[in-house]
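Below is one structure, written out as structure tokens; comments come after it.
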Amino acid sequence: MQDLKEKVVIVTGGAASIGEGIVRHLHACGATVVVAARSEGRANELVKDLGDRACFIKTDLKNDDEIERLIKETHDRFSKIDVLVNNACVYGDEGASTSRKTWLDTLNVNIVSAAILGEIARPFLAKAKGAIVNIGSVSGQFPHAGRWAYPVSKAALKHLTKAQAVDYAKEGIRVNLAVLGHIWSDPISNICNGSQEKADQMSAPYNMLSRVGSSADVGAVVAFLASSNANYITGAELHVDGGYSSLGPEGHAPLQIPE
């Protein structure tokens, strides 16, 4: 487990699902974690459960004033900011028929908020020689039938990560992307009626490990990228996808030769 003692970390969308797993793992590594989210109920339950070194700041990432308040309140309370984890996202997507409103809402949360938040946090991250970890997806690399807005937003996040890494390097800020495959989360649970066994069966043909990942798997990678063990890593992509990105169209099966 990475040593993140005395690190102050902001995790957006940290109240539920994958975000909660990231928060719990970072906290277990010794970090002080700020949960930035809109859902008060789950966020308050989480920070109460974690106890010391955890707090909740309600934040609408589509509102620049609230982003400013998030950064100011975090710095006022803890006197520094070491790591920003851009995890928050929305899944609005109707494929080719996605409305303009849904397009703009999806891009606003999934990509624009990550850019604005990183820039507002920049002076404090620079002072700490800190890090940004963006949470991407294999959807940003491969097209998925019937999905347009969400994958496009994740493709943009991939490029944003490299742009941030280039411009922030001179200030000692590292920026990396964790590329997620099928992770047990609220969206997958909803699709599979709460059954992880069904989720594993659904995912098995698409990755080498034949199962969905866990939020703890994601948290471990985020902790590594946030830690001093990753001091010479920036502008990189670390795949947390069970081999999804490397499997290829033939999947697990050998070629079938026609008779």
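Data overview
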| read-out | value |
| --- | --- |
| Residue pairs meeting the criteria (Cβ under 7 Å; at least 6 apart or on separate chains; first of a type in the set (Lys, Arg), in region 179-199; second in a loop (DSSP other than H, G, I, E, B)) | Lys198/Cys192 |
| Every residue from region 59-82 that is out of contact with any helix residue (DSSP H, G or I) (no Cβ under 6 Å at 6 or more places or on another chain) and among the basic types (Lys, Arg) | Arg69, Lys72, Arg77 |
| Selected residue (criterion: farthest from Lys129 (Cα to Cα)) from residues of region 69-91 that are more than 18 Å from the chain's Cα centre (by Cα) and either part of a loop (DSSP other than H, G, I, E, B) or of a type in the set (S, T, N, Q) (or both) | Thr74 |
| Residues of region 25-38 that turn out to be farther than 22 Å from Ser79 by Cα and surrounded by 17 or more Cβ atoms within 10 Å (Cβ to Cβ), as a count | 1 |
| Region 56-82 residues that are among the aromatic types (Phe, Trp, Tyr), paired with ones that are surrounded by fewer than 19 Cβ atoms within 10 Å (Cβ to Cβ) (beta carbon under 8 Å, 6 or more apart) | Phe56/Glu40; Phe56/Asn44 |
| Subset of region 203-259 (residues that are part of a loop (DSSP other than H, G, I, E, B), of a type in the set (Gly, Ala, Ser) and exposed (fewer than 11 other Cβ atoms within 10 Å of the Cβ)) | Gly248, Ala253 |
| Hits in region 55-94 (condition: at pLDDT 95 or above and in contact with a Phe, Trp or Tyr (Cβ under 6 Å, 6 or more places away or on another chain)) | His75, Ile81 |
| Scope region 43-65; condition under 16 Å from Val90 (Cβ atoms) and more than 18 Å from the chain's Cα centre (by Cα); matching residues | Asn63 |
| Residue check for Ile173: among the aliphatic types (A, V, I, L, M) and under 19 Å from Asn134 (Cα atoms) | yes |
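The values are calculated or read from the model by the stated rules, or taken from the named source; none is laboratory data. Computed from a prediction, not measured in an experiment: that's the story for all the values here. So basically every Cβ, Gly included, is an ideal-geometry build from the backbone, and we count neighbours across all protein chains shown.
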